[in-house]
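Below: one structure, written as structure tokens.
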Amino acid sequence: MPNTVEYYLSKGFDRPMAEYFAGGRKKLIAVAPQADFTLLLTYENGEKRVLDMKSTLAKGGVFTPFRDYENFKRVYVDDCHDVAWDIDPNVDSNVVWDNKVDLCPDCCYVDSIPLSEYKAVI
């Protein structure tokens with residue numbers, strides 16, 4: 001039963017995440033900030049998706065510094081393939097662990113939409 005939607009649902013995953021894991025995890029290889037506070041995500045298989053960050057940024061908290069586009073555009077893919085930002089770009093986040101804010105690449109995939117659908121919305 002492993003690797004099926006039903007298996008992941010039985011483990012407590014919601015349907016979108018169960019479908020994602022049943023289909024196989026995707027490796028994030030690139031991220032590009034967009035002026036409208038979306039992120040263009042590129043996966044190893046060539047797939048491009050758009051993640052809208054506006055509602056996350058509106059919540060504040062650890063994301064407050066990234067409401068400023070100059071800070072938002074410092075986004076990168078870290079060595080774990082997470083979407084990440086360094087709060088202070090002059091501090092090494094590998095040394096000072098609480099300097100980095102990151103997003104799970106699996107959640108980024110599930111919460112994003114294919115680039116082709118995003119263009120249709122504009």
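The values are calculated or read from the model by the stated rules, or taken from the named source; none is laboratory data. Every value quoted in this text rests on a predicted model; they were computed, and no experiment measured them. Positions of Cβ are backbone-derived with ideal geometry, glycine not excepted, and every protein chain shown enters the neighbour counts.
Assorted remarks:
- When the stretch 65-81 is filtered for residues that are surrounded by 13 or more Cβ atoms within 10 Å (Cβ to Cβ), part of a loop (DSSP other than H, G, I, E, B) and charged (D, E, K, R), the ones remaining, listed by number, are K73, R74, D78.
- Against the numbered list (1) among the hydrophobic types (A, V, I, L, M, F, W, C); (2) within 16 Å of the chain's Cα centre (by Cα); (3) not in a helix (DSSP H, G or I), V62 comes up short only at (3).
- Looking across the stretch 82-103, just one residue is modelled with pLDDT of 95 or more and assigned to a loop (DSSP other than H, G, I, E, B), and that is D82.
- Scan of the stretch 21-57 for residues that are touching a Lys or Arg at 6+ places or on another chain (Cβ under 8 Å) and in a helix (DSSP H, G or I), ordered by number: L57
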